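Have a look at the structure below, then the notes.
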Amino acid sequence: SKIRICVFTISDDEITEEIINAHKMGKSVKIITDNEKQFDKGSDIQRMMDLGIPTVVDKTSAHMHHKFALFDDHTVLTGSYNWTRSAATHNHENILILEDPKVFRAYKNEFDSLWEELKD
């Protein structure tokens, strides 16, 4: 019922469609991403923002380069995998899916901290 995404960019249309579908089904979706990729060719960030998915964009000089997502209150997805077409079709990538409460809390704290810092 809750999806929290913290990634550098999203340009894989299959992933984007799943995020949009979750939002349309009434699931709580939030996205944190980096400003330098928001308007890149192929980026789906603005499209999701236009559909009303709450999104904050890191506009600092540093990159928001995380690659993780939180599902409900127990599952963490993380790894090297960029949420891009290249990652799906060309790159060597890894994904970890964890359900450890301690790990979840650490990632949730990072997400919440970034959300508060960047939301204005």
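The values are calculated or read from the model by the stated rules, or taken from the named source; none is laboratory data. Small disclaimer: the values here were computed from a predicted structure and weren't measured. Cβ atoms come from the backbone with ideal geometry, glycine included; neighbour counts cover every protein chain shown. Heads up: the accessible areas ignore ligands, DNA and RNA and are worked out on the full protein's heavy atoms, side chains in. Shrake-Rupley method; radii C 1.70, N 1.55, O 1.52, S 1.80 Å.
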Quick numbers on the chain, Rg and Dmax over C-alpha atoms in Å, give 13.5, 38
Rounded to the nearest whole Å², what accessible area per residue is found for the chain with the 1.4 Å probe? 58 Å²
With unit charges on the beta carbons (Lys and Arg positive, Asp and Glu negative) and the dipole taken about the Cα centre of the chain, which residue among Ala88, Trp115, Ile15 sits farthest to the positive side? Trp115
Given backbone amide H placed at 1.01 Å from N, residues whose amide H is under 5 Å from that of Asp58, ignoring those fewer than 5 places away on the same chain, are Thr33, Asp34, Asn35
Compute a Gaussian network model of the chain, connecting alpha carbons closer than 10 Å, and tell me which residue from His74, His92, His63 fluctuates the most. His92
GluC sites (Glu not before Pro), restricted to segment 1-99: which are DSSP loop and have at most 11 other Cβ atoms within 10 Å? Glu99
Output the Kirkwood hydrodynamic radius of segment 56-120, Cα pairs only, in Å rounded to one decimal. 13.2 Å
Top mean-square fluctuation among Thr89, Thr33, Thr78, Gaussian network model of the chain, C-alpha springs under 10 Å? Thr89
Classify segment 1-49: rounded, prolate or oblate, from the alpha-carbon gyration tensor (a ≥ b ≥ c, eigenvalue square roots; a/c under 1.5 rounded; otherwise prolate if a/b is larger than b/c)? prolate
Throw me the Rg/Rh for segment 28-81, computed over C-alpha atoms with Kirkwood Rh, two decimals. 0.97
The chain, helix-only ellipticity at 222 nm - DSSP H runs n ≥ 4, -39,500 (n - 2.57), divided by all residues, nearest 500: -10000 deg cm²/dmol
Compute the length gained on full extension between Asp100 and His65: take 0.36 nm times their separation in residues and subtract their Cα-Cα distance, giving the result in nm to one decimal. 10.3 nm
Please find, in a Gaussian network model of the chain (springs between Cα atoms separated by less than 10 Å), the residue of Asp100, Asp13, Asp34 whose mean-square fluctuation is greatest. Asp100
Under a Cβ-only charge scheme (Lys and Arg +1, Asp and Glu -1), can you give me the dipole magnitude of the chain about the Cα centre, in debye to the nearest 20? 140 debye
Got the relative contact order for segment 36-109 handy, in percent, Cα pairs under 8 Å and 6 or more residues apart? 23 percent
Return the percentage of antiparallel bridges among DSSP beta bridges fully within the chain, rounded to the nearest 5 %. 55 percent
